[in-house]
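I have placed the structure first, in the form of structure tokens, so that the comments after it can refer back to it.
The values are calculated or read from the model by the stated rules, or taken from the named source; none is laboratory data. Values in this document were obtained by computation on a predicted structure and should not be read as measured data. Reconstructed Cβ throughout: ideal geometry from the backbone, glycine too, with neighbour counts over all protein chains shown. Just so you know, the surface numbers come from the protein's heavy atoms only, side chains and all, with ligands and any DNA or RNA stripped out. Shrake-Rupley method; radii C 1.70, N 1.55, O 1.52, S 1.80 Å.
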Amino acid sequence: MTDIELELEDENESSSVPETVNSQGTIFANNIKIEQQNIEPILTKKELYAWYLYAFACEVYSVVSLSSFIPLILEQFASEQGVLNINHEIACKNSTELRTFEEVRCVVNIFGLWVDTASFSLYTFSFSVILQAITAISIGATADHGAMRKTLLISFALVGSVSAMLFLLVTPPMFLLVAIIAIIGNVCFGASFVCFNGFLPVLTRNHQDVRKISDKVKLHIADKSKLSNDQQPFYLDDDNISDQSTTRLLNLDNNSDDTLYNLLNELATTKEKISTHISARGFASGYFGGIILLGICFIIAFILHSSVFSLQIGVFLSGTWWFLFSLLVAKWLQPRPGPPLFLGDGRKIRWFDYVVYAWKQLWKTIIQAKKLEMTFKFLIAWFFISDGYTTISSVALLFAKTTLQVPA
């Protein structure tokens, strides 16, 4: 397959199910059957566009609010409540020394500690990143297992968008509350993206081109099983055709199964191409939405003479944008539940078990890091690069405002 075909079925059309699949979800091949667990519907255009739409909805919060407006709002609010570092009796807003002496800075009292107003925004985002990481790890298993992926996605989207809309109501004396709201919004944004990315492999494996090849693999395995008189049943998942099953089948005789190898290679290649294509379009739609709203907010800021209130309106609009488009995502995106979480002891799974399982998996990954040394190094490098890029964009704005005295 050289080209990626993304001509998906409309929702009102019946899904094209291969003739070898009956209504009970069983594939037959020469009286050998493979039970398919949790048969999922073929990906439709509406569902794929709903996934794109969430990127279009939430990325505006990152582009407009997190990267541009919230750092300036936090610094401005803190400055209006701050005092000079050389004399805590003089309010920053009543002093002209800040423009004259470089060593004179504006500080604000945070729970007994004097913090530079420009650093106040950075401390806020640093703390939010820590909470974001903890939250993202904790919900990782829930996003992959069970039926909570869509619920978590929409829940975090609604909470995060509402927190952004609250910026329209805050005032400078509430600068600590503003920081808390910003932290909530950032954490929800990051957590929702974990669930958003969790849909990508699900959508990929249910794309009609991938499903056609995976069905061919299952039928071939069924034929191979019959020829070898292997009576052990196979339970093959569309997302991960068992390596043990295919390896065992390939080793049933001395002759290698070139057909199966070719099918598995074609399946992996097709998955990769379609996943890359869908992912690229999703992120492109997100940044496109961010640029649109950022342009609108610049116009509003120009009309209102770059006042802090104009920045608050921008954050409010990003939250409203995020909220409204998320409602459409909630309507059109299918839940697509993942495989159930099995703990091995037979007891009922509680929400806390998902959290514990996620952290255990993280620890196992760290322990096995030596086996994937280059991958582990890449992830560490990416962490510093991505966090550094975000920090630079925020620091640049704060530096321009506080040191270079550039208007908002």
So what J values fall out for segment 59-65 if you push phi through Karplus, 6.51 cos²θ - 1.76 cosθ + 1.60 with θ = phi - 60°, rounded to Hz, Gly and Pro as x? 5, 4, 5, 5, 5, 7, 8
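Tally Lys/Arg at +1 and Asp/Glu at -1 over every other residue whose Cβ is under 14 Å from the Cβ of Trp114; what's the total? Before the final figure, lay out each step's value.
Numbers: positive: Arg105; negative: Glu89, Asp116.
So the environment of Trp114 carries a net charge of -1.
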Roughly how many debye, to the nearest 20, is the charge dipole of segment 40-189 about its Cα centre, given +1 on each Lys and Arg Cβ, -1 on each Asp and Glu Cβ, and no other charges? 500 debye
If I ignore ligands, DNA and RNA and count only protein heavy atoms, how much of Lys273 is accessible to a 1.4 Å probe, in Å² to the nearest 10? 70 Å²
Amide proton proximity set for His207, modelled H, under 5 Å, gap of 5+: Leu43
Ranked from the most accessible area to the least, with a 1.4 Å probe and all protein chains present, what is the order of Trp359, Trp351, Trp321? Trp351, Trp359, Trp321
Ordering Tyr261, Tyr357 by how much accessible area each has at a 1.4 Å probe, largest first, what is the list? Tyr261, Tyr357
Integer Hz, Karplus 6.51/-1.76/1.60 couplings in order for segment 109-123, x for Gly and Pro: 8, 10, 6, x, 10, 8, 10, 4, 4, 6, 7, 4, 5, 5, 4
Could you pull the accessible area for Glu272 with a 1.4 Å probe, rounded to 10 Å²? 120 Å²
Using θ = phi - 60° and Karplus 6.51 cos²θ - 1.76 cosθ + 1.60, couplings along segment 148-165 (whole Hz; Gly, Pro as x): 9, 4, 5, 4, 5, 4, 5, 5, 5, 5, 5, 5, x, 5, 5, 4, 5, 5
For Ile110, list long-range residues whose amide hydrogen, built 1.01 Å from N in the peptide plane, is under 5 Å from its own amide hydrogen. Val115
Enumerate the amide H contacts of Gly146 below 5 Å, restricted to partners 5 or more residues apart or on another chain; note that Pro and chain-start residues carry no placed amide H. Gly338, Leu341
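Rolling a 1.4 Å sphere over the protein heavy atoms, what is the accessible area per residue of segment 306-404, to the nearest Å²? Mind showing how you got there, number by number?
On the way: 6870 Å² over 99 residues.
Per-residue value: 69 Å².
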